[in-house]
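So the structure is just underneath, and the comments pick up after that.
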Amino acid sequence: MTSMENNRLYDLVIIGAGPGGYVAAERAGSKGKKVLLVEKADLGGICLNAGCIPSKTLINSGKLFSQACNSDIYGVTVENPRFDLTKAMAYKQKVIKTLRNGVGFQMKQRQVDIITGEASFIDQRTIQVNGDQYQAENVIIATGASPVLPPISGLDEAHVVTSKEILEVDKLPDHLVVIGGGAIGCEFASFFSNVGVQVSLIEILPEIISPLDSELAGMLRKSIKGVNFHLESKVERITTNSVVYSQNGE
């Protein structure tokens, strides 16, 4: 075996640098294993770059603005509070960059090799990235998930964004319709409502956050102020400026 071939032989190759992938790399590296981490985008995966972290950061900004607008009841007067979306987005990016750098530092500390690129399998223990081949005793596939658009008529005609794209908006909409009352939908509904956007949320089930106990889900729904909820409702089609839905089959 040549020196180059030896350098491309690993105890563990991990495809995907999200929470599952980079934590596995950190643990294996701390045990002295030779690890290769492959990521086609940014370290941290969807959660850090386009999911949990940026959404929670924006939600916190929205809560602070809402508190400033309603602080009089606590005896605190804030004159003419204003929400600056550009600054909120800049702060969100700062948080992402800081945490992403932290992941990179942890990988360096554990001597984990990182390659940016898309991996494909040559055989069970050989992958190819950017034209180069790497072998491993074990391979972990931790590629995560991505948003999927439902089969709704009119999606191509209207301005429809996913949970990833809405994190990059540069202007607040006048009215936002959120389709789906799961955790992600409720988070964005809450944020945009807190910063003054008229928000409607359409959920096909009888209550939001379906895995949650219905009584608790109802309490949570009532705590999300300013959102117009349409439960047991199904989106039929979308036009350039409207969402047509049916409720209870009507």
- Message: Classify the stretch 165-247 from the C-alpha gyration tensor, please: rounded if a/c falls under 1.5, else prolate or oblate depending on whether a/b exceeds b/c.
- Response: oblate
- Message: Run the numbers for Val76 and Ser153: contour at 0.36 nm per residue of separation, minus the present Cα-Cα distance, in nm.
- Response: 22.9 nm
- Query: Using a basic spin-label model with each label point 7 Å from the Cα along Cα→Cβ, how many nm lie between Ala145 and His175?
  - Reply: 3.1 nm
- Quick one: plug the Kirkwood hydrodynamic radius of the stretch 1-146 (C-alpha pairs) into Stokes-Einstein at 10 °C, 1.306 mPa s, and report D in µm²/s. 91 µm²/s
- Note to self, the chain gives a 222 nm [θ] from helices alone (DSSP H runs n ≥ 4, -39500 (n - 2.57) apiece, / all residues, nearest 500) of -11000 deg cm²/dmol
- Message: Taking the Cα centre as origin and putting +1 on Lys and Arg beta-carbons and -1 on Asp and Glu beta-carbons, what dipole magnitude results for the chain, to the nearest 20 debye?
- Response: 940 debye
- Only Lys, Arg, Asp and Glu count, each charged at its Cβ (+1, +1, -1, -1), so figure out the dipole size of the stretch 165-247 about its Cα centre, rounded to 20 debye. 220 debye
- Item | Label-point separation, Asp132 to Ser246 (7 Å along Cα→Cβ), nm | 5.7 nm
- Item | Segment Thr239-Leu85, length gained on full extension (0.36 nm per residue, minus Cα span) | 52.8 nm
- At q = 0.27 Å⁻¹, the log10 of I(q)/I(0) for the stretch 8-64 from a Debye sum over equal Cα scatterers comes to -0.99
- Query: For the stretch 182-192, in order, what is each residue's ³J(HN,Hα) by Karplus, 6.51 cos²θ - 1.76 cosθ + 1.60 with θ = phi - 60°, in whole Hz (x at glycine and Pro)?
  - Reply: x, 4, 5, x, 5, 4, 5, 4, 5, 4, 5
- Item | Part-to-part distance (alpha-carbon centres) for the stretch 153-167 and the stretch 43-114, which is given in Å | 23 Å
- Task: Could you name the aspartates and glutamates whose alpha carbon sits less than 19 Å from that of Lys171, not counting residues in the same chain fewer than 8 places away?
- Result: Asp84, Glu187
- If you average the sequence gap of Cα pairs under 8 Å that are 6 or more apart and divide by the length of the chain, what percent do you get for the contact order? 20 percent
- Item | For the stretch 165-247, with +1 on Lys and Arg beta carbons and -1 on Asp and Glu, the positive-most of Leu216, Leu231, Phe188 along the dipole | Leu231
- State the antiparallel share, in %, of DSSP beta bridges confined to the stretch 165-247, rounding to the nearest 5. 35 percent
- Query: For the chain, what is the convex hull volume of the alpha-carbon atoms per residue, in Å³?
  - Reply: 185 Å³
- Note on the structure: Most packed first (mean Cβ within 10 Å per residue), the peptides 234-245, 183-194 order as 183-194, 234-245
- Query: Which residues' amide hydrogens lie under 5 Å from the amide hydrogen of Val199, considering only partners 5 or more residues apart or on another chain, with H built in the peptide plane?
  - Reply: Leu176, Asn228
- With the dipole of the chain defined by +1 on each Lys or Arg Cβ and -1 on each Asp or Glu Cβ, the option from Gln135, Gln106, Ile14 whose Cα lies farthest towards the positive pole is Gln106
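Using R₀ = 51 Å, calculate the FRET efficiency as 1/(1 + (r/R₀)^6) where r is the Cβ-Cβ separation of Lys225 and Asn101; round to 0.05.
E between Lys225 and Asn101, to the nearest 0.05, is 0.90.
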- Item | Around Ile202: net Lys/Arg minus Asp/Glu count, Cβ-Cβ under 12 Å | -2
- Note on the structure: So the FRET efficiency between Phe121 and Val161, C-beta based with R0 = 35 Å and rounded to 0.05, is 0.60
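Only the coordinates and a few stated rules stand behind these numbers; no lab work does. Just so we're clear, the structure is a prediction, and the values are computed from it rather than from any experiment. Cβ coordinates were reconstructed from backbone atoms using ideal geometry, including for glycine residues, and neighbour counts include every protein chain displayed.
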